[in-house]
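Engineer: Structure below; questions to follow.
The values are calculated or read from the model by the stated rules, or taken from the named source; none is laboratory data. Keep in mind it's a predicted model, so treat the numbers as computed, not measured. Don't worry about glycine lacking a Cβ; one is built from the backbone with ideal geometry, like all the others, and counts go over all protein chains shown. Note: accessible area is taken over every heavy atom of the protein model, side chains too, but ligands, DNA and RNA are not part of it. Shrake-Rupley method; radii C 1.70, N 1.55, O 1.52, S 1.80 Å.
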Amino acid sequence: MRKLYAVPLGLAGAGAATFGYASLIERNWFHLRRFDVPVLPPGRPSVKILHLSDAHLTPGRSRLIHWVRSLDALEPDLVVNTGDTLSHRDAIGPFLDALGPLLDRPGAFVYGSNDLYAPIFKNPLRYIWRTSKSDYGRRRREPDLPYRELGSSLQAAGWLDLNNRIGRLKVGGLDVEFGGIDDSHIDRDRYDKIAGPVDPQADVHLGVMHSPEPRNLDRFAADGYDLLFAGHTHGGQVCVPFYGALATNCGIDRPRVKGLHRHNGSWLHVSAGLGTSPKAPVRFCCPPEASLLTLVPRPGN
């Protein structure tokens, strides 16, 4: 009888240990990724961009809040936030506290679906064969999170609202042109509102979105954007050693679920994000992250 129960008890114990690691340790094991991106014309000074995404913040995430606040010590020239910032109605104040002195730096942002809609429980296994996009289509409910207040707070600090908008900023001595879209995951993207070739007079052109859907990536690249920013994927959130992400929850392919890659002549950076939905508070082989991208001149310049 002891042998009969030994295997299932052992598996149950291993599963409990794995869940404990994924929810208590790795979920709070924040990493900083660093990349050099060769997109600048000759003679232009390098600039540092801090990319934040998918905080899914609730008021009690003190470790996340303190870690994000510490990133100001990197002295970024620009902060880009690619959405899914909120997971609670009372999270705006804690998020602004997390940004702290970063709010005094140039910034830009777009929304993600979870800035508008509070999280609900879903079977996480469904992400293996489908995305969560259809969940929003069925619900058709009014937004229940204060995304407009979030946007107003960031704009009051001087950050650009890039939801289906073009923008321009002076960043570290560079003239930077931005194009951004609202979240395609809930059909709020309107690329036609920003469509058209980039201004060749700008030093660099940045495209900003929440979900890295290939149809939008193609249009950003065709219009001449040098570097594209996205989040949404959580890097897969639960990954298998030597295999990687099981799912991307959007149209991007698994090898590009996170990190710096190429897309039709543009550079693409997909952040694995800072948080998780509070309804699925685990990460495995995919720790939470922010990224510091240093823009440098192109090779041979």
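Engineer: Quote the FRET efficiency, to the nearest 0.05, computed for S152 versus H66 with a Förster distance R0 of 35 Å and r equal to the Cβ-Cβ distance.
Structural biologist: That gives a FRET efficiency of 0.90.
Engineer: Just to confirm the filter: which chymotrypsin sites (Phe, Trp or Tyr not before Pro) across the stretch 192-257 are DSSP coil and have at most 13 other Cβ within 10 angstrom of their Cβ?
Structural biologist: Here the chymotrypsin sites (Phe, Trp or Tyr not before Pro) that fit, given the DSSP loop and packing criteria, are F242, Y243.
Engineer: If packing is taken as the average count of other Cβ atoms within 10 Å, what order do 256-265, 280-289 fall into, highest mean first?
Structural biologist: In decreasing order of mean packing, 256-265, 280-289 become 280-289, 256-265.
Engineer: Here is a further query. Calculate the tail of P(r) for the chain: the fraction of all Cα-Cα distances greater than 29 Å, expressed in %.
Structural biologist: That fraction is 33 percent.
Engineer: While we're here: At 1.4 Å probe radius, can you tell me the per residue accessible area of the chain in Å²?
Structural biologist: 44
Engineer: Relative to the first principal axis of the alpha-carbon coordinates of the chain, what is the inclination of helix 147-156, with its axis defined by its Cα atoms, in degrees from 0 to 90 and to the nearest 10?
Structural biologist: Helix 147-156 and the main axis of the chain meet at about 40 degrees.
Engineer: Just to be sure I follow the rule: in the chain, considering lysines 8 or more places apart or on different chains, how many pairs have Cα atoms under 20 Å apart?
Structural biologist: 6
Engineer: Now, a different point. Can you list the trypsin sites (Lys or Arg not before Pro) in the stretch 133-214 that are in a DSSP coil and have 12 or fewer other beta carbons within 10 angstrom?
Structural biologist: Hits after loop and neighbour filter: R140, R141.
Engineer: How would you rank 68-74, 211-217, 32-38, highest first, on the average number of other Cβ atoms within 10 Å across their residues?
Structural biologist: Highest mean packing first, the order is 211-217, 68-74, 32-38.
Engineer: Another question about this same structure. For n ≥ 4 DSSP H runs only, could you compute -39500 (n - 2.57) per run for the chain, divide by its residues and tell me the 222 nm figure to the nearest 500?
Structural biologist: Result for the chain: -6500 deg cm²/dmol, rounded to the nearest 500.
Engineer: Just the number, please: carbon plus sulfur as a percent of the accessible area of the stretch 171-287, 1.4 Å probe, no ligands or DNA/RNA counted.
Structural biologist: Carbon with sulfur: 53 percent of the solvent-accessible area.
Engineer: May I pose another question? When only Cα pairs under 8 Å and 6 or more residues apart are kept, what is the percent relative contact order across the stretch 34-85?
Structural biologist: Normalised by residue count, the contact order of the stretch 34-85 is 55 percent.
Engineer: Using only the Cα atoms of the stretch 148-225, build the gyration tensor, take square roots of its eigenvalues as a ≥ b ≥ c, and label the shape rounded, prolate or oblate: rounded if a/c is under 1.5, else prolate if a/b is larger than b/c, else oblate.
Structural biologist: oblate
Engineer: Subtract the Cα-Cα distance of R89 and R33 from 0.36 nm times their separation in residues, and report this length gain in nm to one decimal.
Structural biologist: Roughly 17.2 nm would be gained on extension.
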